[in-house]
Every structure is written in C-alpha cells, then in structure tokens.
Amino acid sequence: MEWPRIPLPDWPDGEAEGAAETLAASAARGRELAHLLDPDAPVPGVTQGTLRPEIAAIAVPATTDGRNMTGDDFALTAGWGHYGTGDAVMPGQGRIVEREYTEDERAALGDAIPTLGEKTLDVYLNDHAFWRNVPAAIWDYKLGGYQVLKKWLSYRESDVLGRALTPEEVLYFAKMTRRVGGMLLVNYM
C-alpha cells in the first residue's frame, strides 16, 4: 500500500558485529517515521522549533507580488476539487508551475535534492497566492494509493468547503508537505 518502511538491518544472526547498534539505529528511524506520520505529533526540526534548513525551504506561503497573504489570498479557487455525482468530491487539475530551484532553495536543500528531485513546483491556491518550492518527489508522494497533497487540496477547494482557507490551514498544508519531505529523507539524512 506504499506505506513508508524502515528496512531491518541485514545480518546473518544477532551475534554479528555491530548488529545491536544497527538495529538500534533502525528502531530510532522507525520512531522518527512514526512521529512524521502522526499529524498531531510535533516533530522538532520539521513542524516545530527551529526548522532544519532543508525543511524550512519547503512549501513557503507566498504571493505573486511578494506581500503577506491576506483576505482573498486564502481562497482556494485554482480548481483542485469539485462535486461529482452525488456528494462525491472529485479531484481537479489545479494549478502547479514546475520550475528549477532558485539558488537560495538549492543551497538550503543541499544534499536532500537527489532524494527530493531536481525539479520543484509552486502550488497555487488561486491566481495570486501559492506555496513556493514543493519538490516533485513530495508532490508525487502517495500513501494508501492517494497523492497526499493533491487529495487534501481537493476537499478544501472553496466551492467544496464553502469558505476560504484559514491562515492555520495554509500553514497546516506547509507542515504536512514538510512531514512528507521528512519521511522521504528519514533514511538519507
């Protein structure tokens, strides 16, 4: 079902040199992964406190004119979801702009780029507000057969939700995106 997995150490038996340390390191990665999968669990460096540089650069709320988001900027109207037959919410195409990383993003992401992909996306709420720098591997990430971020957006399109997003929901999307990035990086950092 595409759930993230932590590999168990590969050794012939429990007496092999370094087996206990390898198992302990694998268990620590498993605990980190469990925290990243729990949306209610704060994760230092990913969702709270001083964020790791490669995480802080991901899914930054922004506007096309560089000002802080206010008012209509919170309306999710880019076509991420709509009602289908009955009350079923169907995903829409939405609006993403694929691009190269900026120099600052590349510097912040550093060694994470091979894992997160060479391309990044700007994911739009509407014509003038977006989340800057959602790496392709994070955007494409599926859990339980669903593209996590796109699914979340489809249920929050203004016509479906009946209102604009709150500032907290805009930040929640950023934190969720960073959690996915943390999951992808758990074995590589």
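Would you confirm whether or not the range 123-131 contains a residue that is in contact with a Leu (Cβ under 9 Å, 6 or more places away or on another chain), without any contact (Cβ under 8 Å) to a residue 24 or more places away in the chain and over 23 Å from residue 51 (Cα atoms)?
The answer is no; no qualifying residue exists.
Of everything in the range 109-138, what is hydrophobic (A, V, I, L, M, F, W, C), surrounded by 20 or more Cβ atoms within 10 Å (Cβ to Cβ) and in contact with an Asp or Glu (Cβ under 9 Å, 6 or more places away or on another chain)? Give them in sequence order.
Passing the criteria: 109, 112, 116, 121, 125, 129, 130, 131, 134.
Could you list, in sequence order, the residues of the range 41-71 that are of a type in the set (Ser, Thr, Tyr), without any contact (Cβ under 8 Å) to a residue 60 or more places away in the chain and more than 18 Å from residue 185 (Cα to Cα)?
70 - this is the single residue of the range 41-71 that is of a type in the set (Ser, Thr, Tyr), without any contact (Cβ under 8 Å) to a residue 60 or more places away in the chain and more than 18 Å from residue 185 (Cα to Cα).
Being touching a residue at least 60 places away in the same chain (Cβ under 8 Å), more than 22 Å from residue 156 (Cα to Cα), assigned to a helix (DSSP H, G or I) and not acidic (Asp, Glu) narrows it down to one of 34, 108, 25, 112, so name that one. Quick ask: steps written out before the conclusion?
Details: 34 fails: touching a residue at least 60 places away in the same chain (Cβ under 8 Å); 108 fails: touching a residue at least 60 places away in the same chain (Cβ under 8 Å); 25 fails: touching a residue at least 60 places away in the same chain (Cβ under 8 Å).
Only one candidate passes the filter, namely 112.
Filter the range 52-69 for residues that are in a helix (DSSP H, G or I) and more than 14 Å from residue 111 (Cα to Cα) and give the result.
56 - this is the single residue of the range 52-69 that is in a helix (DSSP H, G or I) and more than 14 Å from residue 111 (Cα to Cα).
Which of the residues that make up the range 77-105 are in contact with a helix residue (DSSP H, G or I) (Cβ under 6 Å, 6 or more places away or on another chain), part of a loop (DSSP other than H, G, I, E, B) and over 24 Å from residue 183 (Cβ atoms)?
77
Does the range 157-164 contain at least one residue that is buried (at least 20 other Cβ atoms within 10 Å of the Cβ), over 20 Å from residue 117 (Cα atoms) and touching a residue at least 12 places away in the same chain (Cβ under 8 Å)?
Within the range 157-164, one or more residues are buried (at least 20 other Cβ atoms within 10 Å of the Cβ), over 20 Å from residue 117 (Cα atoms) and touching a residue at least 12 places away in the same chain (Cβ under 8 Å).
Quickly run through the range 121-178 and pick out the residues that are in contact with a helix residue (DSSP H, G or I) (Cβ under 7 Å, 6 or more places away or on another chain), part of a helix (DSSP H, G or I) and of a type in the set (Val, Ile, Thr).
Listed by number, the residues that qualify are 138, 148, 170, 177.
No value in this document is a laboratory result; all are computed from the given coordinates. Bear in mind the structure is a predicted one, so any value in this text is a computation, not a measurement. Cβ coordinates were reconstructed from backbone atoms using ideal geometry, including for glycine residues, and neighbour counts include every protein chain displayed.
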